Amino acid sequence: MDFLFGSCNGCRETVSEVVVDLPTLLTSRRQYKSAEAKPAKSLQADGTSESTQVSASAIPAVEAQQRFEVLPVAEQKGWLGGDSDVSLVIGGGPTGRRALWIFADTFISKYHSPTQTRVLDGFSMPNSTLGLVDMTDSGCTGQIKYIWQTDDAGQPVSFFEPSLEQKADGELLWPVAGIASRDGRSAVLLAQRIKGFLTVIGTTLIILPDVASVEDPRQWKYTLLDVGSANLTWFSSIFFADAEGDTVYIFGHGPGADGSAPTPLSQTVLARACLADLLDQNWERTEYWVAPGAWSASPDNFQVLEVPSWETTCIWSKELSLWYSFNIEAFGSEIFLWTAEDITGTWTKTSIYQIPAPFNASPYINYAAKAHPELVQQTCVSPADYSTGTGEKEVELVLSFVSNVFGTSSEGQSTGNLLFGKGQMAWPVRAYWPRFLRVTAKRSQ
């Protein structure tokens, strides 16, 4: 899990029983209109406008949401919510293409369908689980299959765990970003190393050398590589630097001005590496951006980017000719689209969506806004001619985010009424579940 959470066992508000089925709710045009954000002029990080305009708005992504509406059958434990929500396109499966989903803290429990309620008694919360969706050349097909590991006693456990020494010392791993090789055969995940209550003590690469020929993820082998430090983390995002080639960019965060450890409010720093090196557990050749056009083998003099990225995705849109990323500000309820022509900036932000009630007020928090290109249904229309500065480009983007419950206790993830209360799996009030939006973004010049 990427952001602040806490116990809300004291949150015992009376919640009326709400039983609403997801397909009916999502296909309501009235719901669409109430949630849709108006297009907004893009602003640079300093608040000034620029000549190239980006506008965007978002609505709930019905088809994508229904792919994830897979609930446990009666009297059986199943997947009932998770965060981080990273997706990669890998090989394998009946078509040779699959969407791999990686979740951090996950609820595994029984589900009481008549009252739409998570069953607290006997629930487990592994720190990582997976999901698979079959794909064809035209995109995803069918619904997700949630997958989790079990121990010898059949109890759910984390898919990815730190070394035995680190685990004995109380550490755990939250995978929050990742990338697949271009041939889909292997993958590298970035995980927060956590110790105690929300204390990030470093970054661990989870290296999966073969995710294609081994069909069952529970049989996948992986190795771990700790990189960076508690004061210089590299888990925020990893993505290809070019349309071809092996170079990847990595977003991270450095220490504060007073030397304090990075937080979700810390500024972004940038590194680059060869994916083949990372798959070989080699971090030594990683370079760090230190000035316009300049990279260094040492991170001592890194420069910051004007784009937030504690846990995000960053993708090049060939249709818009822009890098793009999504973000929800700390304790905010507004989703922003950030764009830039160059990875080092200048970055601009565009408001695209106001998260509706009840998730737009305390004790809820919203985070993990991430793009999922494999869920896009249409590509660019109305092509523009940027050589002459005329015309407009329009493209569809898809993102997910998570709403959770925040408290002040250090007891850990909330198991209170707002998550496990009667009727709290009804869609209007369901928290700790990926929520999908379909974005229409336009760029004019």
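The values are calculated or read from the model by the stated rules, or taken from the named source; none is laboratory data. Source: prediction; values computed, not measured. Here the Cβ positions follow ideal geometry from the backbone for every residue, glycine too, while neighbour counts run over all protein chains shown. SASA here: full protein model, heavy atoms, side chains in, ligands and nucleic acids out. Shrake-Rupley method; radii C 1.70, N 1.55, O 1.52, S 1.80 Å.
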Checklist entry - Just to be sure, is A180 over 19 Å from I147 (Cβ atoms) and touching a residue at least 40 places away in the same chain (Cβ under 8 Å)? => result no
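Count, please, the residues in the range 113-129 that happen to be part of a strand (DSSP E or B) and open to solvent by less than 10 Å² (accessible area, probe 1.4 Å).
2
Could you count how many residues in the range 351-361 are surrounded by fewer than 24 Cβ atoms within 10 Å (Cβ to Cβ) and part of a strand (DSSP E or B)? Let's see the steps before the verdict.
Here is the first cut: in the range 351-361, the residues surrounded by fewer than 24 Cβ atoms within 10 Å (Cβ to Cβ) are 351, 354-361.
Narrowing the set further to residues that are part of a strand (DSSP E or B) leaves 351, 354.
Going through the range 351-361 one residue at a time, the tally reaches 2.
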Checklist outcome for this item: Selection from the range 240-262 of residues in contact (Cβ under 8 Å) with a residue 12 or more places away in the chain, of a type outside the set (G, A, S) and over 30 Å from G184 (Cβ atoms) yields P255, P262
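Every residue in the range 384-420 that is of a type in the set (G, A, S) and either at pLDDT below 60 or touching a helix residue (DSSP H, G or I) at 6+ places or on another chain (Cβ under 9 Å) (or both), please. First the steps, then the outcome.
Here is the first cut: in the range 384-420, the residues of a type in the set (G, A, S) are 384, 387, 389, 391, 400, 403, 407, 409-410, 412, 414, 416.
Listed by number, the residues that qualify are A384, S387, G389, S400, S409, S410, G412, S414.
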Checklist entry - Has the range 362-382 got at least one residue that is modelled with pLDDT of 95 or more, in contact with a Phe, Trp or Tyr (Cβ under 6 Å, 6 or more places away or on another chain) and in a loop (DSSP other than H, G, I, E, B)? => result no
Next on the checklist: Out of the residues in the range 310-338 meeting the condition of being surrounded by fewer than 24 Cβ atoms within 10 Å (Cβ to Cβ) and of a type in the set (S, T, N, Q), tell me which one is nearest to A241 (Cα to Cα).
Outcome noted: S317
Checklist entry - Within the range 230-296, which strands (runs of 3 or more DSSP E) (wholly inside it) include 3 or more residues that are closer than 21 Å to E306 by Cβ and either more than 22 Å from the chain's Cα centre (by Cα) or of a type in the set (G, A, S) (or both)? => result 287-291, 294-296
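Can you pull out the strands (runs of 3 or more DSSP E) entirely within the range 131-206 that have at least 2 residues that are crowded, with 20+ Cβ neighbours inside 10 Å?
Those strands (runs of 3 or more DSSP E) span 171-180, 187-195.
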